[in-house]
Amino acid sequence: MAKQILVVGINTVGKTSVIQGLAEESNTNKPLNEDVFHQPENRILLEREKHQYCFIEMAGLAEAIKSKEDEDYKVNLLYSLLEFKKCQIDLIIFVTRSGTIHSNDRDMYVLIASIMPDTPKICVVTGCENEFDMNQWAKANEAHFTRNNMVFQQILGTCFGRGGRFEKVFGPLRKESSIHLWNCINSLLDDNAASSDIKSIEATTTPVTKTDPQTPANSNNIYNENSNPKKRSFFYFKKTPSSVAQQVKTE
């Protein structure tokens, strides 16, 4: 069964280029037809080392984050993301560009993390070709992500530029970035699978303790059924030692 990987990021940061680069270092070993990236919901199936991966790029996510008017569209988008959650997304690749962390980047992270808090996340920073060591940018700026409550298992500095007179430079850097990203993807998927196995074993050996019926068993639930029916709360951050649960949307 193919691993489901959601690829997100605001417009023009290079999401399509990242998937193209991964395709070139997969069994496909060639650029993908551009037509596959012009669907409302792009699902690109790749195979590497006898394993299958389905990369999902959701069209319209960036526009919905920035929109201040089309609330219906935002609600539909949230339901779509919840459907993704039900389909068991195994990994999230968050693509951004080197430079300033924009509020739209942060808003998108908040949305994704509130719906899928336990899903492993990789931050792929594109446009790092001017760094002597591409990962140097990520190391130097990791604290900026943390200050914005953007927590990732891995932050990678990459180059997925293509074509033109700089292709001689882009080509080797793109290959290096693709291989490095593939290694991180497989490492996190393996770690997540091992963690799930441990939780499964614990669930079968740990006795169930009774909880107060008036108190939700899990304060991180996406949907709080005990809330006021006239104002129900949706979409919470997972609580961490440095931050309390933050409400993202109410109705």
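Nothing in this text is a laboratory measurement; each read-out follows from the coordinates by a stated rule. This one's a predicted model, so the numbers in the text were calculated from it and none came from an experiment. For neighbour counting, all protein chains shown are included, and Cβ atoms are generated from backbone atoms with ideal geometry for every residue, glycine included.
Points to keep in mind about this one:
- Near the amide H of I155, within less than 5 Å, lie the amide hydrogens of C123, all on another chain or at least 5 residues away, with H placed in the peptide plane.
- Calculated from backbone phi, Karplus (6.51, -1.76, 1.60) coupling profile of the range 182-194 in Hz, x at Gly/Pro: 4, 4, 5, 4, 5, 5, 5, 5, 5, 4, 5, 5, 5
- Computed label-point distance, nm, for sites K86 and E49 using a 7 Å Cα→Cβ extension: 3.4
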